[in-house]
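> Would you mind keeping the following structure in view while I ask a few things?
The values are calculated or read from the model by the stated rules, or taken from the named source; none is laboratory data. As the structure is a computational prediction, the values presented were derived from the model and not from experiment. Methodologically, a virtual Cβ is constructed for each residue, glycine included, from the backbone with ideal geometry; neighbour enumeration extends over all protein chains shown.
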Amino acid sequence: MGATYFQAINMPKEASLLTGGKLLLISIAIFVLAYSIGVNGVWLALPICSAALTLWMIFRLRMLSITSQN
């Protein structure tokens, strides 16, 4: 949903980061977390990546609202 919003407001860089970035981030997280904590790391990779990208999206939206108010 966030990628669709960024695409609609003509910010394709942020939209592609949310879609393609998730694939890259999840693949890195799977290997790192699986190596460090085992099988549970594989299961935790998706929620951790989703939370990280959600926090990034909230940060970008706040920065966008701050710059549009000025």
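> Check whether at least one residue in segment 29-39 is outside any helix (DSSP H, G or I) and either at pLDDT 90 or above or exposed (fewer than 14 other Cβ atoms within 10 Å of the Cβ) (or both), and report yes or no.
Yes, there is a match, as at least one residue in segment 29-39 is outside any helix (DSSP H, G or I) and either at pLDDT 90 or above or exposed (fewer than 14 other Cβ atoms within 10 Å of the Cβ) (or both).
> Then there's this: Part of a helix (DSSP H, G or I) and under 15 Å from residue 56 (Cβ atoms): does that describe residue 16?
In short, yes.
> Could you list, in sequence order, all residues of segment 1-28 that are surrounded by 15 or more Cβ atoms within 10 Å (Cβ to Cβ) and modelled with pLDDT of 85 or more?
Within segment 1-28, 25, 26 qualify.
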